[in-house]
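K.L.:
Sending over a structure as structure tokens; questions will come in a sec.
The values are calculated or read from the model by the stated rules, or taken from the named source; none is laboratory data. Bear in mind the structure is a predicted one, so any value in this text is a computation, not a measurement. Virtual Cβ from ideal backbone geometry, glycine too; neighbours counted across all protein chains shown.
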Amino acid sequence: MEKTLYAKLADIHANADSKAFILADAKDADMAFGIAAPGRSPEHVDGGFRSLQEYREIISQNVAQELLDIMLMSVSTNEVLTIRRRIFDSSPVTPAIRANDTTDIHVARGSSYPKAPARPFRTALLDHAQCGSLCDDDSRRHLGANLGLFSMTFNNDPQLDLAMLEAYKAFRVEAELKDFQHFLEIFPPNAPANPIAPDKLGGFLNDMIVRALAGVAQAARPLFLKMAYTGPKAMEELVHYDRHLVPGVLGGSAGTTYDAFKLLAEAKKYGARAALFGRKINNAEHQLTFIQFLRWIADGAIAPEEAVRAYHGALQGMGIKSARPLEDDLRQTDQSLSYGGAGTTISIPSQPTRTAFARPETAANPPAQKTANPPSAAAKPAGDYPRKADGNPDFARMTQEQILTYHRDRLGIM
């Protein structure tokens with residue numbers, strides 16, 4: 001089965017105006033949160049966490065939906081789902097593993113690790129990711145994942161940052177020898193020796209990324225980047241410098257539904273070509289529906305505000321109680337960019353200012369289509385949808401496409 005990731009990367013590199021967008025679900029949280037990784041289980045009266053088995057079943061369901069391009073997992077989950085169960089063999093989704101786990105993602109309950117300056121560390125073995133065991137036979141390396149996430153946190157400290165770069169260099173050497181590809185995650189400082197002013201953070205991260213990769217030949221470079229979205233200026237600056245870096249954004253803390261949808265739309269608008277959401281997907285009331293709306297936003301089919309309203313409508317139709325009232329879920333909140341929830345936060349501007357690096361609006365890059373103001377909530381579309389006996393739409397029997405069309409009609413959006 002052809003993997004959509006590689007088809008999209010090929011299009012992005014070949015076409016400066018490519019609309020391809022890479023979407024990933026980050027289900028590697030067991031390498032950070034431990035028992036809390038699978039998330040709260042709504043099925044449990046005591047509000048406890050899901051089991052690892054439930055977590056992996058959700059991963060399988062999200063892969064089977066075939067809207068994602070990448071599923072990021074721990075090596076142990078990859079062994080179960082990729083190597084043993086073979087769920088990716090006939091799927092367009094690419095399996096990937098977290099290849100290292102720096103100390104700032106060690107988020108054990110009661111621990112203070114995320115507040116201490118990040119140190120390099122790597123649990124995962126590439127042989128285990130590829131083969132499930134130590135492997136001298138290269139013919140077995142196709143059994144598992146051949147893509148991994150390598151993460152670095154720069155704290156504006158020469159000794160700490162040098163250790164991160166040395167660890168990345170050692171990883172690249174091993175990865176190239178074993179024909180293992182990677183994408184690169186860059187966290188902002190979690191405990192900087194010398195704090196960086198908020199308006200300088202984007203420039204600091206961009207410079208550290210470019211500096212770290214300038215001495216790396218193509219054979220060992222990352223396929224794309226996963227980084228904090230610090231605003232339009234920094235994103236456009238990086239894209240203008242080298243669009244072949246293929247920047248992507250990390251999701252950060254859970255936040256509201258609008259936080260997730262707006263982050264995706266804004267990052268894409270200013271040059272991002274990938275988004276990797278972990279907690280934002282994992283904490284969703286219904287992950288499959290949440291992912292569907294992320295895909296529609298990534299493909300330009302729906303705006304964030306409209307998507308939040310439609311998502312709530314879909315939940316209501318499925319009989320699922322939303323975590324927040326619609327009014328609250330349409331609000332933006334400050335988002336933590338660190339795994340532990342401390343340190344740098346961002347607030348995405350509601351009307352960001354375009355910078356000198358913005359591409360001009362042309363036929364190939366048209367301005368965003370304006371949508372009409374929503375009519376009153378009482379308005380109901382008269383389309384041909386499955387309906388209940390009382391005439392109301394029967395969301396349980398509607399396809400995802402019908403649900404989207406229903407809400408676009410209801411909101412008066414063309």
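K.L.:
Taking the stretch 90-99 only, how many residues are in contact with a Ser or Thr (Cβ under 9 Å, 6 or more places away or on another chain) and either β-branched (Val, Ile, Thr) or buried (at least 22 other Cβ atoms within 10 Å of the Cβ) (or both)?
P.N.:
Going through the stretch 90-99 one residue at a time, the tally reaches 6.
K.L.:
Kindly indicate whether any position in the stretch 160-176 is of a type in the set (Lys, Arg), under 23 Å from Pro95 (Cβ atoms) and either assigned to a loop (DSSP other than H, G, I, E, B) or modelled with pLDDT under 95 (or both). Can you show your working first?
P.N.:
Looking only at the stretch 160-176, we keep the residues that are of a type in the set (Lys, Arg), and these are 169, 172.
Adding the requirement that they be under 23 Å from Pro95 (Cβ atoms) leaves 172.
From what is left, the residues that are either assigned to a loop (DSSP other than H, G, I, E, B) or modelled with pLDDT under 95 (or both) are none.
So far as the stretch 160-176 goes, no, none of its residues is of a type in the set (Lys, Arg), under 23 Å from Pro95 (Cβ atoms) and either assigned to a loop (DSSP other than H, G, I, E, B) or modelled with pLDDT under 95 (or both).
K.L.:
Cβ-Cβ under 7 Å, sequence separation 6+ or interchain: first residue in the stretch 59-70 and over 14 Å from Ile281 (Cβ atoms), partner in a helix (DSSP H, G or I). Which pairs?
P.N.:
Partner pairs satisfying both residue conditions: Ser60/Leu81.
K.L.:
Looking only at the stretch 106-145, count how many residues are surrounded by 13 or more Cβ atoms within 10 Å (Cβ to Cβ), of a type in the set (D, E, K, R) and in contact (Cβ under 8 Å) with a residue 40 or more places away in the chain.
P.N.:
So the answer is 4.
K.L.:
If His286 meets every condition in (1) surrounded by fewer than 18 Cβ atoms within 10 Å (Cβ to Cβ); (2) in contact (Cβ under 8 Å) with a residue 60 or more places away in the chain; (3) not acidic (Asp, Glu) apart from one, which number is that one?
P.N.:
Every listed condition holds for His286 apart from (2).
K.L.:
Before we move on, is Ala124 small (Gly, Ala, Ser), under 18 Å from Ala24 (Cα atoms) and either touching a Ser or Thr at 6+ places or on another chain (Cβ under 9 Å) or modelled with pLDDT under 95 (or both)? So that I can check it myself, show each step before the final result.
P.N.:
On the way: small (Gly, Ala, Ser): yes; under 18 Å from Ala24 (Cα atoms): no; either touching a Ser or Thr at 6+ places or on another chain (Cβ under 9 Å) or modelled with pLDDT under 95 (or both): yes.
Criteria not met by Ala124.
K.L.:
Within the stretch 66-87, does at least one residue satisfy the condition of being part of a loop (DSSP other than H, G, I, E, B), closer than 18 Å to Gln130 by Cα and of a type in the set (Gly, Ala, Ser)? So that I can check it myself, show each step before the final result.
P.N.:
In the first step, residues of the stretch 66-87 are kept if they are part of a loop (DSSP other than H, G, I, E, B); the result is 66-69, 74, 85-87.
Retained after the next criterion (residues that are closer than 18 Å to Gln130 by Cα): 74, 85-87.
When the remaining residues are screened for being of a type in the set (Gly, Ala, Ser), the result is 74.
Yes, some residue in the stretch 66-87 is part of a loop (DSSP other than H, G, I, E, B), closer than 18 Å to Gln130 by Cα and of a type in the set (Gly, Ala, Ser).
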